[in-house]
Structure formats: structure tokens, C-alpha cells
Amino acid sequence: SRDGNNVALPGLNHNLDDLSIAIGLSSLSRLNLTITKRRIMVDTLRNKLDSNVIIPNGIHNSSPFIIPLTFNSKEIKTVVSSHLYDNYVPHNPEYRFNVSSWSWMTKYTNGNCSTPNTQEYLNRSLFIYINENYRKCHMNYISNIINKSLMI
């Protein structure tokens with residue numbers, strides 16, 4: 001799910017039938033190449049974006065499936081998100097994987113699970129979904145949309 005508020009409880013996804021195992025083994029054999037391609041996409045996008053858009057440095061050392069973009073304000077994020085949506089760029093402007101918003105967590109935290117810094121960061125951020133089959137032209141397309149949005 002792309003909406004973390006629908007998470008009912010913590011757990012792992014163990015769908016281990018024969019087909020799932022075959023797909024998993026195939027994916028694992030391509031994992032290093034997949035990670036390399038996605039890191040290149042992060043770097044390509046970072047180098048093409050306006051300096052007012054922040055992509056965390058640590059993401060380069062991970063295996064990204066999303067690229068977080070942080071803006072100076074929620075209003076700028078909203079404008080950029082609207083332009084991405086209008087141009088069919090898959091993204092998530094309302095990332096809801098903040099543990100403090102999950103109702104089932106309250107019983108583990110005595111009701112005190114506030115994360116105001118995280119929520120403020122999420123209010124100014126959106127997340128671009130990426131796929132290892134994206135090419136440089138896709139990153140150019142996305143960066144052009146974002147940079148044009150910032151000029152308005």
C-alpha cells in the first residue's frame with residue numbers, strides 16, 4: 001500500500017509459494033544491478049534540480065525505491081506535486097509512513113508518540129517513485145517539470 005495509515009500491525013510479508021520464490025530468486029540475481037541503476041537515477045536527478053530542492057545525501061548509499069524531495073515550504077511542494085500529477089509522474093505528496101500516525105502504536109507508547117520534526121519534514125516533502133528501467137530521459141523529464149514548477 002502507498003498509504004502507511006492502513007498498516008494494521010507490524011509484520012513481514014512471507015508469501016512463499018513456488019511462484020513467489022521463483023520471482024524472488026530472479027529479483028535477487030539482479031539486485032546489485034538494480035541498486036546501481038537506482039543510485040544513478042538519484043544522482044542524475046540531484047544534479048539536474050534547482051538548488052532549492054533537497055535530496056538527502058544518505059539516499060545514495062541505500063537501495064532507493066523512492067526519491068525524497070524536500071522544499072522550503074508546503075506551498076511549494078503543493079505546486080510541484082500538482083505539476084508532476086498533471087504530467088503523469090508517479091509520486092506521493094502525502095507520505096504516510098510516519099509511525100506516530102499509526103493508531104496501533106499508541107498502546108506501545110502510552111499514547112505519547114509525537115514526532116513533530118518528522119511531520120514537519122513530511123509536510124514539505126514529496127516522494128518520486130522510481131523504477132530501475134527508468135533512463136536518463138525520464139530523469140530529464142522529471143527534473144524539467146520540477147524546475148519549471150519552481151519558476152512560477
Once neighbouring chains are kept in place and the probe is 1.4 Å, which whole percent of the accessible area of the chain is contributed by carbon and sulfur?
54 percent
So, with +1 on the Cβ of K and R and -1 on the Cβ of D and E, and no other charges, what is the size of the charge dipole of the chain about its Cα centre, to the nearest 20 debye?
360 debye
Which loop-located trypsin sites (Lys or Arg not before Pro) does region 108-152 contain, where loop means any DSSP state but H, G, I, E or B and the Cβ has at most 15 other Cβ atoms within 10 Å?
Arg135
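When you have a sec, figure out the Kirkwood radius of region 101-152 from all distinct Cα pair distances and drop it here in Å to one decimal? Please report the intermediate quantities before stating the final value.
Values: mean 1/r = 0.0690 Å⁻¹.
Computed over region 101-152, the radius equals 14.5 Å.
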What distance in nm separates the two pseudo spin-label positions at Ser103 and Leu33, each 7 Å out from Cα along the beta-carbon direction?
4.5 nm
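Could you give the length gained on full extension between Ile23 and His83, defined as 0.36 nm per residue of separation minus the Cα-Cα distance, in nm? List each step's numbers first, then the result.
On the way: separation 60, 0.36 × 60 = 21.60 nm, distance 3.51 nm.
Going from the current span to full extension adds 18.1 nm.
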Long pairs among Lys48/Lys136; Lys48/Lys148; Lys74/Lys148; Lys74/Lys136, criterion Cα-Cα beyond 19 Å
Lys74/Lys136
Between region 97-152 and region 39-93, what's the alpha-carbon centroid distance in Å?
9 Å
Given N residues in the chain, what is its alpha carbon radius of gyration divided by 2.2 N^0.38 Å?
1.18
Trypsin sites (Lys or Arg not before Pro) restricted to region 14-73 and DSSP loop, no more than 13 other C-beta within 10 Å:
Arg30
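The values are calculated or read from the model by the stated rules, or taken from the named source; none is laboratory data. Note that this is a predicted model, so its numbers are computed, not measured. So basically every Cβ, Gly included, is an ideal-geometry build from the backbone, and we count neighbours across all protein chains shown. Note: accessible area is taken over every heavy atom of the protein model, side chains too, but ligands, DNA and RNA are not part of it. Shrake-Rupley method; radii C 1.70, N 1.55, O 1.52, S 1.80 Å.
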